[in-house]
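Inspection log for the structure reproduced underneath, given as structure tokens.
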Amino acid sequence: MVTGETSSKRQINEECIINCLPGDLIERIFLRLPVSTLLRCASVCKHWHNFIRDPQFVTSHLQRAHRYALLFFPQCLVSGKPYPSDAILIDEAWSPSTCAVPVIGPDDFLFGSCNGLIGLYTKTSTIKIANLATGECMHLEKPAKNMRGDHFSFYSFGFHPMTKEYKITHFLGGCVDGRPHNKDSFSVIQVYTLGNEKWKDIPTPEALSLNSVRNSGVVNVDRTLYWLTEDKTVTWQHTVMSFDLKEESFAMIQLPAEREDLDCFGPRKFWIRDIDGKLCIVTAQTGRYDARILLGELQIWTLDNMVEQKWSQKYKFTNPPVHIPGPHFGHRDRILTQSGISVGSYELIGENIEINFSKMAKLLDFSPRRQYNMQSYICVKSLVCLDVYKNAGIVRRPKQRQGWELKKWEAWENELREVEDLRSNIDKLQHDLIEAAEKMVKMYKFDKPRDIAERVRMELNQVLEHKPEIPNQPRFLRRFNWVEQKRDTKELVSRSRKVRGSFQAIKQAQDNISSIVRSHTLDQGISTAEVSSTGDKKNEEGNLLCKT
């Protein structure tokens, strides 16, 4: 006789039916699953783990991965209150995410995104490479030179598909004997290839502007690093510099010669950006007295031919936004903009057309964050693993106390705990009110003359009308990003007001019903003492409501 336990063991030991399917069919099924589901599948059995972690499958899944826009807001101080670094993912339907990105710490600065990996600059002696979806992290020692003048905008992160190498680049400000000498220029690019033992110094053809890097940005397009440098001898007084990630060589690209500046505006400003995988120059004139204000037309030029250095004006915008986020300015068929206290998008229809930013589709409200410091990246969620790079000599263990554990973020964490305590109290209050309302309805449902029953019924309808909704089920405990925290807190305050209103309405209905019943019993000739005794008994039964 086969027992149930024996049968169960035999069933567990039998090969899963999905493993009986052809390998290509299994692969097609797994390729359709998101990373979060695949990570759970990898723990089902050794066969699935090996299949999902196979480099060829990881590459195939990466090629089919959905693209997100990642909006990064670096830490800042607003009215004396510190706000941590935070990020919001915008999916293909242009819906903002609600949860924070766990691998981004409160003091981190984002400097690159590539194949599901992101590069994070920290204020410690390390930089961090992390997988956005799996949460895997690796800390690398920073270049030893010129640390005092270091800045996250001097770093970039890219991948070359032919060599299969991930490379971090660092613009090294001018220094003498390892000390900062000229913070406005650089003559060396430091390159680190993941898995190597150390950084490599590569001299530039000439001293290049570090201010242009900081102000105009850096992009990785088609396996090449691009940035702007000052050149007073050309029409736009800027030139594009490129650095090939495979050959580790430099080249110079001239900007288009067309230029129509208006004398009533201030100097022209330039940004180098990536729009839909193409190298672009975004330019507009600024205010005469405030260089942060953009006036006139915002022009976007794209590089059509690298060899011939041929450019074309792709778009022309009227009423420019207040900020040009980067390095990725566009996502799918829209561009990302920041205007006022809003982040929005605008659909790109056709080419070389005039567009008015007043028709911007709002994505989110970024207040109280500061303007002009939002970054935008295109990213994916992938299974790319960092284990193969962790044996390198410059890999470091992070400090034991970092991120949210630091004392500077205690007040922020306490505030979040207070919000959660308030939520628990409101949930309890709602449950108590629901019980009180239901008890009151049962309490007064007894036979009375028709006119009295109708008046009581009207009051009980008021009780049911103000009965709180059943509180939401316990939510998954993940840290919200700050936009969702703000929305969640507003909703919590609104719920609190509604609960207080329900309490007042139900309490008033109870008093009215007690008055109706008391008046009716007196009309029936019942003594005052008996009426008081009946009322007291009812009030005792309604103690739950009074306590609430």
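Data overview
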item	result
Solvent-accessible surface (1.4 angstrom probe) belonging to residue 51, in square angstrom, nearest 10	50
Length added when fully stretched, residue 78-residue 492, from 0.36 nm per residue minus Cα-Cα	146.7 nm
C-alpha center-to-center spacing [the stretch 182-231, the stretch 23-52] in angstrom	40
Accessible solvent surface per residue of the stretch 66-200, calculated while the other protein chains remain in place, 1.4 angstrom probe, Å²	38
Solvent accessible area, Å² - residue 511, 1.4 Å probe, full protein context	70
Cα-based equivalent ellipsoid, the stretch 39-195: semi-axes from gyration tensor eigenvalues, Å	32, 22, 14
Cα Rg, Dmax (largest Cα-Cα span) when computed across the stretch 120-164, Å	12.4, 36
Over 11 Å [Cα-Cα, the stretch 299-346], rounded percent	73
Anisotropy class of the stretch 290-390 from Cα gyration tensor, a/c 1.5 cut	oblate
Most to least packed among 425-432, 79-86 [average Cβ atoms within 10 Å]	425-432, 79-86
Count of Lys pairs (Cα-Cα under 23 Å; at least 8 positions apart or interchain) in the stretch 78-221	27
128, 123, 507, reordered so the largest accessible area comes first (probe 1.4 Å)	123, 507, 128
Heavy atoms of residue 141: accessible area, 1.4 Å probe, square angstrom to 10	70
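The values are calculated or read from the model by the stated rules, or taken from the named source; none is laboratory data. This is a predicted model, so every value here is computed, not measured. Here Cβ is always computed from backbone atoms with ideal geometry, including for glycine, and neighbour counts include all displayed protein chains. To get the accessible areas, we keep the full protein, side chains included, count just its heavy atoms, and leave off ligands, DNA and RNA. Shrake-Rupley method; radii C 1.70, N 1.55, O 1.52, S 1.80 Å.
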